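Student: Pasting a structure below so you can have a look.
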Amino acid sequence: MSERDHELADAARSLLAFREERTTRRDVWSAETATQLVADLVKLAADQPDLIVEDLLCERLGTLLHEADQAPDVPVGPQHLAEAMVTAADAAVTASLRTTVSADAWRVLTTLAGVLPYPHAEIASEAITQLRATADGRALPTVPPGPAVAGTVLWTRDRYGSRFAIAAPITTADQPVRWYLWDIDACGHDAFTVHSGYYPTPDAALASWQAGVGPIASAGTDLAPVSDRSLLIALLPAEHGFLRTGGESVGQFTEYHRSKRLAEVVSKAVPVAEAQPGGDLTEATAAVEFAAWLRGGDADQQKLPEDLDELAEELASSWNINEINGVYAACSPHRVALSVLHMRNYYLDEFAEELVALLPGWTRWLATRNATAPDLADRCLPYAHGQRHPQLDRDDDYRDSPDYYARVLE
C-alpha cells in the first residue's frame with residue numbers, strides 16, 4: 001500500500017471515528033434529556049387536564065430543541081429527541097408495572113402518541129400495544145383517541161398570493177374544539193410554516209395571521225373553505241428528518257411535532273374534490289410569455305440580451321424552486337429577495353448577474369399579468385434591483401443562510 005493510500009485510510013478511519021463519537025454523544029444526550037423530561041412531565045401531569053399535559057409537553061420540547069439547535073456540539077434533531085421521548089415514556093410505564101400502574105406515566109406516553117407525527121406516532125402506538133400485551137392482566141387506562149378535525153377546514157392567502165393561513169377546528173374525545181392555525185410562507189425553496197398554534201376561534205386565528213403578514217398584504221382577506229386539496233397538501237408541513245432547513249425559534253420548535261401531526265389529520269379530513277387547475281403559468285409558458293413581453297416593447301426601454309430565450313428559461317426555472325405550481329405566478333418583495341439570493345448562490349457570478357438584471361422586468365411582467373395593484377408591485381422593485389431584505393437577515397449569513405422562518409411583514 002502506498003503512502004497516499006495509507007493517508008486516505010487514516011483519514012477514512014478518523015472520519016468514521018468522528019461520526020461514531022457524534023452519534024454516541026447525540027444518543028446519550030437525547031436519552032438523558034428525554035428521561036428527565038418524562039420524569040418532570042409525570043409529576044406535572046398529576047391532576048391536570050389532557051390539554052394542559054399536551055401543551056406542557058410541546059412547550060418543554062420546544063425549549064430543549066431550540067437549546068440543542070443553538071449548540072453545535074449537540075448534534076440532535078427533533079426526530080432524535082422524539083424517538084428518545086417514546087423510549088423514556090415506555091420505560092417509565094414499564095417500571096411502574098412492577099408495583100402499581102402509573103396513570104401519569106401512561107398519560108405522558110399516550111400524549112406523545114397523539115402529538116408526534118409519522119413515523120414517531122406509530123412507534124409510540126406500537127409501544128402501547130406491547131405494554132398491553134405484557135401487563136400481566138393488570139388493567140391499563142384507555143388510550144384517548146388522537147386529534148380529529150371537528151368541522152370545515154378554512155384558508156386564505158395574502159394579496160401577493162404567496163402567504164397562506166390554514167385554520168382547522170381540532171378536538172379529541174370530550175375536549176373542547178380549538179382552532180389550529182398554520183401561517184405558511186411559500187416564497188422560498190419550500191413552504192415554511194413560520195407560525196402555528198391553537199386559537200379559541202377562527203376569527204382569532206385570522207387576526208393573528210393578518211398581524212403576522214402585515215396590513216398591506218393582508219388587507220381584505222377572510223377565511224373560506226379550502227378549495228384546492230392538492231395545494232393544501234403541498235403547503236402543509238411534513239417531517240423531513242435530517243433534511244430539515246433548521247433555524248426555528250423556540251415557538252416554532254414548540255409546535256414542530258404537533259403542527260406536522262395535525263397537518264396529517266387535516267390532509268386526510270379534507271375531501272377529494274374535482275381536480276383543481278394549478279394555475280395557467282408554468283416554467284415553460286412563463287419563459288415564452290416573458291421573452292415575448294420584453295420584445296413587444298411593454299417593458300422599459302433597454303437593450304435586450306442576445307441570449308434572451310436562454311436567460312428567460314433559466315429565470316423561469318429559478319423562480320419556482322419549491323415546485324408548488326399553485327404559487328408560481330405569485331410575486332412578493334420577500335419572494336423576489338429570496339430569488340436574488342438563490343441565483344447568486346447557485347450560478348456563476350456573471351450568469352447570475354445577467355439573470356438578476358432581468359428581475360425588475362420580470363416583476364413588472366408578473367404584476368401586469370396578475371393585475372397586481374401598483375402599490376403592491378412597486379414594493380417588489382427595490383429587491384429586484386438587489387436590495388437586501390431586512391427581515392431575512394440572520395447575523396452575517398444573509399447570502400448563505402437567510403432566515404427562512406422569519407414571519408415577514410409583506
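Rule-based calculations on the coordinates, nothing more; no lab input. Keep in mind the model is a prediction, meaning the values are calculated, not measured. Using ideal geometry, Cβ is built from the backbone for each residue, glycine included, and neighbour counts are taken over all protein chains shown.
Student: As I understand it, the value is the acute angle between the Cα axis of helix 78-96 and the longest principal axis of the Cα atoms of the chain; what does it come to in degrees, rounded to 10?
Tutor: 10 degrees
Student: Answer with one residue from I324, C187, A224: the one whose Cα lies farthest towards the positive end of the charge dipole of the chain, charges on Cβ with Lys, Arg +1 and Asp, Glu -1.
Tutor: A224
Student: Please work out how much length the chain gains when fully extended from V177 to A103, using 0.36 nm per residue of separation minus the C-alpha to C-alpha distance, in nm with one decimal.
Tutor: So the chain would gain 24.2 nm between V177 and A103.
Student: Something else: Could you pull out the chymotrypsin sites (Phe, Trp or Tyr not before Pro) across region 328-371 that fall in loop regions by DSSP (anything but H, G, I, E, B) with no more than 16 other Cβ atoms inside 10 Å?
Tutor: Y347
Student: So if R0 is 41 Å, what FRET efficiency would Q70 and T142 give, r being the distance between their Cβ atoms, rounded to the nearest 0.05?
Tutor: Given R0 = 41 Å and the Cβ-Cβ separation, E is 0.55.
Student: Can you pull out the trypsin sites (Lys or Arg not before Pro) in region 40-122 whose DSSP state is coil and whose Cβ has at most 15 other Cβ atoms within 10 Å?
Tutor: Those that pass, being in a loop and sparsely packed, are R98.
Student: Considering Cα pairs under 8 angstrom that are at least six residues apart, work out the relative contact order of the chain and quote it in whole percent.
Tutor: Worked out over the chain, it gives 15 percent.
Student: For K260, list the lysines whose Cα falls under 22 Å from its own Cα; do not include residues on the same chain fewer than 8 positions away.
Tutor: K268
Student: Quick one: order L56, L154, L348 by neighbouring beta-carbon count within 10 Å, fewest to most.
Tutor: Fewest-to-most ranking of L56, L154, L348: L348, L56, L154.
Student: Treating only the Cβ atoms of Lys and Arg (+1) and Asp and Glu (-1) as charged, compute the dipole magnitude of region 94-220 about its Cα centre; round to the nearest 20 debye.
Tutor: 160 debye
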